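Each remark here refers to the structure printed beneath this line.
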Amino acid sequence: MNYLSTRGDPARRKFCDILLEGLAPDGGLYLPERYPRIDARTLADWRALYAGQGYAALAHAVLSLYIDDISSTDLQAICAKTYTEATFGTPQITPLKRLEDGFYLEALSNGPTLAFKDMAMQLLGNLFEYELTRRGQQLNILGATSGDTGSAAEYAMRGKRGIRVFMLSPSGRMSAFQQAQMYSLQDPNIHNLAIEGVFDDCQDIVKTVSGDLAFKRRYQIGSVNSINWARLLAQVVYYFAGYFQATASNDDPVRFTVPSGNFGNVCAGHVARMMGLPIERLVIATNENDVLDEFFRTGVYRVRGSDQTHETSSPSMDISKASNFERFIADLLGRDGARVAALFGEALNRAKRFDLSGEPAFAQVLTRYGFESGSSTHADRVATIRDVWARHQVMIDPHTADGVKVAHEHRSNVPMIVLETALPVKFAATIEEALGRAPDRPAHFVGIEQLSKRVTVLPADAERVKDFIAAHCADDGRCA
Ligand SMILES: *Cc1c(COP(=O)(O)O)cnc(C)c1O
């Protein structure tokens, strides 16, 4: 399998080359040359595989179709090491919870940081360690986080050979639980940098440091952001696992509803559907930051400024543009790289919008690709959390609540699976508002706020961050 850029660069790359990269050199995102089609026989084999040998074996089968530069035995070992009951809490890894007949939650948030990003990040940690060891290289991961992504990255990379993490977070601005989750890590290869500023300051520093190409090369700076193809690929697997649990036969269609921000999670659903998984609809649920809902309703993609980006009670979906969206548009436009480059390059930076409403391709968004969408508000989240608790005695987090609310508006006689993207304990304030009580806390998280913290506070100054990185690495990238 070869990978190419959404923007038409003629170069073809292998999986392990794009694994350690971010954007393609022309600024596009990597996509596989084609989506392997699964025939009925293979789908039947995979159903039996998941039932008999479990999630790791299913992951190995799916990933094998996209990765041909890691041996099958090694890939199998990486999947087996990643998707364990010890890490994800249950033998199914992503168990379905039935709320009522034909309406399910798929639990993606029982990993180490209690959000679905662990599903991909845990695999990424093992893939990075494997490939860096093979190349004899080191990597210094630099990132900015306001919560979920940074902690998932740290828990995936802790203790990994050849990898250090420098994670910037806005000092004092995350919840006590989120701070405890990240700052309590004592692993010497994990560095928490609390920046005296807001999340945007952290992101600006990451951009400045990564933009210093000499520094970047010298210290082997890399990232784990949501446009990484390996992350997206890891997420394809749980669409199959959810499907097999919700249906008795491979003739049965299902619908998925996906709480969405950067379009990474639902893009994995799109890939599963292109492979032939019988997904009748992919329903995108947004919060008040409805960039995606607006596009799927109207054909207009309108990037928001930071002044138009709402801070909501489902904060991991608070986006101004959807960084993975270009992948779907590339498919929609028949992989016309020049066209994608024209839409997403400089023109989008200037005009902040494009409009496909008049194009024949836009009509195919539903008919050919199965996409629908809806959005939700804070009042909807609170009402939905209350309703699900009252009727089913199941506590859901605000992001999942966005999904449940929109899923109800898109039900039919086909089973609906809502992806549960986080556990309620991470968002205690909204749960208390909705239910008048604190969320349940898994036993091993009791008292984490009292653990000793390993964090360095720095001013919002890229030079100080560079000094910190340099002080912790020798010139060859090895830790001093
Ligand atoms: C990241 C995240 C999302 C959004 O996922 P995308 O892949 O960015 O669309 C939704 N819910 C939670 C809890 C998240 O952490």
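The values are calculated or read from the model by the stated rules, or taken from the named source; none is laboratory data. The shown structure was predicted, so the numbers you read here are calculated from the model rather than taken from an experiment. Positions of Cβ are backbone-derived with ideal geometry, glycine not excepted, and every protein chain shown enters the neighbour counts. Calculation scope for accessible area: heavy atoms of the full protein, side chains included, ligands and nucleic acids excluded. Shrake-Rupley method; radii C 1.70, N 1.55, O 1.52, S 1.80 Å.
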- Task: Could you tell me whether region 344-355 includes any residue that is surrounded by 17 or more Cβ atoms within 10 Å (Cβ to Cβ), in contact with an Asp or Glu (Cβ under 6 Å, 6 or more places away or on another chain) and touching a residue at least 60 places away in the same chain (Cβ under 8 Å)?
- Result: yes
- Do the conditions hold for ARG335, that is, is it open to solvent by 10 Å² or more (accessible area, probe 1.4 Å), at negative phi and either in a helix (DSSP H, G or I) or more than 14 Å from the ligand (Cβ to nearest atom) (or both)? no
- Item | Hey, VAL418 open to solvent by less than 20 Å² (accessible area, probe 1.4 Å), in contact (Cβ under 8 Å) with a residue 40 or more places away in the chain and in a helix (DSSP H, G or I) or not | no
- Query: What are the residues in region 388-416 that are more than 15 Å from the ligand (Cβ to nearest atom) and of a type in the set (A, V, I, L, M), if any?
  - Reply: VAL388, ALA390, VAL394, VAL414, MET416
- Query: Does region 145-198 hold any residues that are within 14 Å of the ligand (Cβ to nearest atom) and at positive phi, and which are they?
  - Reply: GLY147
- Item | Which listed residue is under 26 Å from GLY403 (Cβ atoms), in a strand (DSSP E or B), under 24 Å from the mean Cα position of the chain (by Cα) and within 15 Å of the ligand (Cβ to nearest atom), from LEU292, LEU282 | LEU282
- Item | Pairs where the first residue, in region 14-25, is surrounded by fewer than 14 Cβ atoms within 10 Å (Cβ to Cβ) and the second is of a type in the set (S, T, N, Q), C-beta under 8 Å, 6+ apart | PRO25/SER5
- Message: Can you list the strands (runs of 3 or more DSSP E) lying wholly within region 1-108 that have 2 or more residues being in contact with a strand residue (DSSP E or B) (Cβ under 6 Å, 6 or more places away or on another chain) and of a type in the set (A, V, I, L, M)?
- Response: 103-107
- If you take just the helices (runs of 4 or more DSSP H) that sit entirely in region 170-277, which of them hold at least 2 residues that are of a type in the set (Lys, Arg)? 213-218
- Task: Might you check whether a residue that is over 19 Å from ASP380 (Cα atoms), open to solvent by less than 10 Å² (accessible area, probe 1.4 Å) and modelled with pLDDT of 95 or more occurs anywhere in region 427-438?
- Result: no
- When region 228-249 is checked residue by residue, the ones that are closer than 22 Å to MET121 by Cβ and away from the ligand (no atom under 16 Å from the Cβ) are PHE240, ALA241
- Message: Would you confirm whether or not region 91-104 contains a residue that is in contact with a Gly (Cβ under 7 Å, 6 or more places away or on another chain), without any contact (Cβ under 8 Å) to a residue 40 or more places away in the chain and more than 16 Å from the ligand (Cβ to nearest atom)?
- Response: yes
- Message: Suppose we keep only residues that are within 16 Å of the ligand (Cβ to nearest atom) and surrounded by fewer than 24 Cβ atoms within 10 Å (Cβ to Cβ) within region 203-227. Which one would you say is farthest from the chain's Cα centre (by Cα)?
- Response: GLN203
